[in-house]
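Worksheet: one structure, shown below.
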Amino acid sequence: MYAVKANILYDGVTRKENVFIVIDGNKIVNVTAEKPDVEVKYEGIVTPAFIDGHSHIGMDRHGEPYEESETNEQADIFLPTLNPLDSVYFDDKYFQDSIEFGVLYSCIIPGSGNLIGGKAIIIRNFARNREEAFLKDYGYKMALGFNPRSTWEWKGRRYKTRMGVYSLLREEFIKLLKKKRKLEIEKKDKLRDLRRKLEKKEISEEEYKEKEKEIEEEMMLEFEPYEEALLEILSRKKVLKTHVHKEDDVLFLLDVVRQFNLSATADHLGDVHHVEIFRKVKKANVPIVYGPIDSFAYKTELKHDTYKNVKALIESGAKYTLMTDHPVMLSRNLFLQLRYFLYYGLTPEKAISIITKEAAEILHINDILGTIEPGKLASLLIWTGDPFNLASRPKVVIAEGKVIHEEAI
């Protein structure tokens, strides 16, 4: 057990002064103004560790040619069972960079060349290997707009237009829901017959329970693995993490969310430049994973992209966090995007909450991360000075109770 003295603490919600953070094992056990009866190992300005809401880190790797990228699989337009963690190498130098700049967690996803390209997995950037990296199976990656229609020469069923891609999405969802409904009716009939046998005492209570379980298992055997993945989306068990830039595509996403009652996030939104679109996203209760703000606008659907759109995002009142989309913007630069939020009136503590508390809430890991408070994992940064001073950097990085980076200052 040890303590960190925070001369200033940005805890993910508020700003405090002269408090002690007590760490036992991998957890924070106390945050107190009174000096605890344990060794105070470090002192400085403290923030929670940062969380990158959307990244391809470890899939596009430092020093490797483009041909070795594992961000996109070209086999088909529907590939929901792909796991991006299977394509990550943890000796990628960019992981160490991200650690040194305080980005300890990332939600990694496959690229955006497919309509549904695979799983969204939250990982520890400081892990030595895939076995240590996994934190949460969060959802599935979907892509709208230009990207999935730009890959029509890839394998599988492909479309060159948005109307083609979007019709395929609805078709797959409706077809699967009809199949599920048909099987549920068959299951209901079998269970009714089984109950009759129980009432007539043709079978025992124990036999009834055993047969009931068999009927349930038989129904699930009718679904292919990719269908089971889509059912997790349609039953709201998993989040549909959606690549989308232009305003009309955002409105399509909201239509699909309403039609199928989905749990989704809107990722990027780089071309959204009207506050009313952000407000519609808020009204639909769809969180935003925004950015990357400092990337090059390399395609037509980003022609309205500008850092000034941050003003409309803030004014909308929508719930949002940020991304780097690494390697589009390097993971280590996640924090730098917060300067735009200061431009438009956010306080430093509110700005820091965007990539800590808000990120954790949107990624459904706020029970363990995002704020510095008792019960949370002890993942925090101790800075050389004011984090918003251009020369400041984390001098000590603590990941789940362990010091993983320390600079000689």
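The values are calculated or read from the model by the stated rules, or taken from the named source; none is laboratory data. All figures in this text were calculated on a predicted structure; none of them were measured in a lab. A quick note on method: Cβ atoms are made from the backbone with ideal geometry, for glycine too, and the neighbour counts reach across all protein chains shown.
Taking the residues in the stretch 353-372 that are assigned to a helix (DSSP H, G or I) and small (Gly, Ala, Ser) as candidates, determine which candidate is farthest from ILE51 (Cα to Cα).
Looking at the filtered set, the residue picked out is SER353.
Out of the stretch 310-340, which residues are part of a loop (DSSP other than H, G, I, E, B) and either over 18 Å from ILE51 (Cα atoms) or touching a Phe, Trp or Tyr at 6+ places or on another chain (Cβ under 6 Å) (or both)?
Within the stretch 310-340, GLY317, ALA318, LEU334 qualify.
Looking only at the stretch 240-249, which residues are closer than 24 Å to ASP52 by Cα and without any contact (Cβ under 8 Å) to a residue 40 or more places away in the chain?
GLU247
Give the stretch 261-301 a look and list any residue that's assigned to a helix (DSSP H, G or I) and among the aliphatic types (A, V, I, L, M), or say none.
VAL275, ILE277, VAL281 - these are the residues of the stretch 261-301 that are assigned to a helix (DSSP H, G or I) and among the aliphatic types (A, V, I, L, M).
Condition check: among the charged types (D, E, K, R), more than 30 Å from ASN30 (Cα to Cα) and without any contact (Cβ under 8 Å) to a residue 60 or more places away in the chain. Does GLU315 satisfy that?
Yes: the conditions hold for GLU315.
Would you tally the residues in the stretch 392-409 being at pLDDT 95 or above, in a loop (DSSP other than H, G, I, E, B) and over 10 Å from LEU380 (Cα atoms)?
Number satisfying all stated conditions: 2.
Just a yes or no: is a residue in the stretch 142-154 within 22 Å of the chain's Cα centre (by Cα) and of a type in the set (D, E, K, R)?
no
If you take the residues of the stretch 251-265 that are in contact with a Lys or Arg (Cβ under 9 Å, 6 or more places away or on another chain) and under 21 Å from TYR138 (Cβ atoms), which of them is surrounded by the most Cβ atoms within 10 Å (Cβ to Cβ)?
That would be THR265.
What strands (runs of 3 or more DSSP E), lying completely within the stretch 15-58, carry at least 1 residues that are of a type in the set (Val, Ile, Thr), in contact with a helix residue (DSSP H, G or I) (Cβ under 9 Å, 6 or more places away or on another chain) and in contact (Cβ under 8 Å) with a residue 40 or more places away in the chain?
Those strands (runs of 3 or more DSSP E) span 40-48, 50-55.
Determine whether ILE45 is farther than 17 Å from LEU338 by Cβ, of a type in the set (A, V, I, L, M, F, W, C) and either touching a Gly at 6+ places or on another chain (Cβ under 7 Å) or surrounded by 18 or more Cβ atoms within 10 Å (Cβ to Cβ) (or both).
no
Is it true that some residue in the stretch 19-30 is over 29 Å from the mean Cα position of the chain (by Cα) and either among the basic types (Lys, Arg) or under 30 Å from ASP325 (Cβ atoms) (or both)?
No, the stretch 19-30 contains no residue that is over 29 Å from the mean Cα position of the chain (by Cα) and either among the basic types (Lys, Arg) or under 30 Å from ASP325 (Cβ atoms) (or both).
Any chance you could count how many residues in the stretch 317-361 are over 20 Å from LEU9 (Cβ atoms), more than 16 Å from the chain's Cα centre (by Cα) and among the basic types (Lys, Arg)?
Counting residues in the stretch 317-361 that are over 20 Å from LEU9 (Cβ atoms), more than 16 Å from the chain's Cα centre (by Cα) and among the basic types (Lys, Arg) gives 2.
Test LEU231 against the criterion of being in a helix (DSSP H, G or I) and crowded, with 23+ Cβ neighbours inside 10 Å, and give yes or no.
No; evaluated as a whole, the condition is false for this residue.
VAL103 versus (1) without any contact (Cβ under 8 Å) to a residue 40 or more places away in the chain; (2) under 15 Å from ALA127 (Cβ atoms); (3) among the β-branched types (Val, Ile, Thr): which is the lone unmet condition?
Answer for VAL103: the failing condition is (1).
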